[in-house]
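Trainee: Right, I'll just put the structure down here and ask away after.
What follows draws every value from the coordinates through simple rules; no lab data is involved. This one's a predicted model, so the numbers in the text were calculated from it and none came from an experiment. Cβ atoms come from the backbone with ideal geometry, glycine included; neighbour counts cover every protein chain shown.
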Amino acid sequence: MIARKTCVALIALTSVNLAFAETPGSIVSGYAVEAARTTPGFGPSAKRGFGFFTKEWGVSQKMPNCTVCHGKNLKVDGKHVITGKRIDPLAPAANPERFTSSAKVEKWFKRNCKEVAGRECTAAEKADFIQFVIQGDQS
């Protein structure tokens, strides 16, 4: 009897989690809504995201831009230039877990933007960056 109740409870919890599952697209949409508050008509741009990804920020000689650690091929592992730790691919096509948790996305944007850009990223920059990573568009 207890095992049956536990099983039913687990199924119910799993169903609730699936109903609120985040996707790369939903996270982009959230940032786009936030960005539109200060920039009416804002829409995410893969082209601007690529520019952000490859821009030489001039903050750190070891980490002048995102490609130093993440590489230019978004579908393969990267490597942190200072710690040497492996970084999972950025592309959701190669790493289905990427951009599926807004808490993780915020954590990494906060850390990486400060290291590379020398400041926190704007909602517009985050939306553009994720849009670029989703599309893999480098034009």
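Trainee: Identify, please: which residue in region 100-137 is among the charged types (D, E, K, R) and in contact (Cβ under 8 Å) with a residue 40 or more places away in the chain and is, among those, farthest from residue 23 (Cα to Cα)?
Mentor: Among those that are among the charged types (D, E, K, R) and in contact (Cβ under 8 Å) with a residue 40 or more places away in the chain, it is 115.
Trainee: Would you please name the residue that is farthest from the chain's Cα centre (by Cα), looking only at residues in region 28-64 that are closer than 23 Å to residue 115 by Cα and among the β-branched types (Val, Ile, Thr)?
Mentor: The residue in question is 59.
Trainee: Residue by residue through region 76-92, note down the ones that are surrounded by 13 or more Cβ atoms within 10 Å (Cβ to Cβ) and either within 15 Å of the chain's Cα centre (by Cα) or not hydrophobic (A, V, I, L, M, F, W, C) (or both).
Mentor: 77, 78, 79, 80, 87, 88, 89, 90, 91, 92 - these are the residues of region 76-92 that are surrounded by 13 or more Cβ atoms within 10 Å (Cβ to Cβ) and either within 15 Å of the chain's Cα centre (by Cα) or not hydrophobic (A, V, I, L, M, F, W, C) (or both).
Trainee: Take the residues in region 73-99 that are touching a residue at least 40 places away in the same chain (Cβ under 8 Å) and of a type outside the set (A, V, I, L, M); name whichever of them is farthest from residue 22 (Cα to Cα).
Mentor: 75
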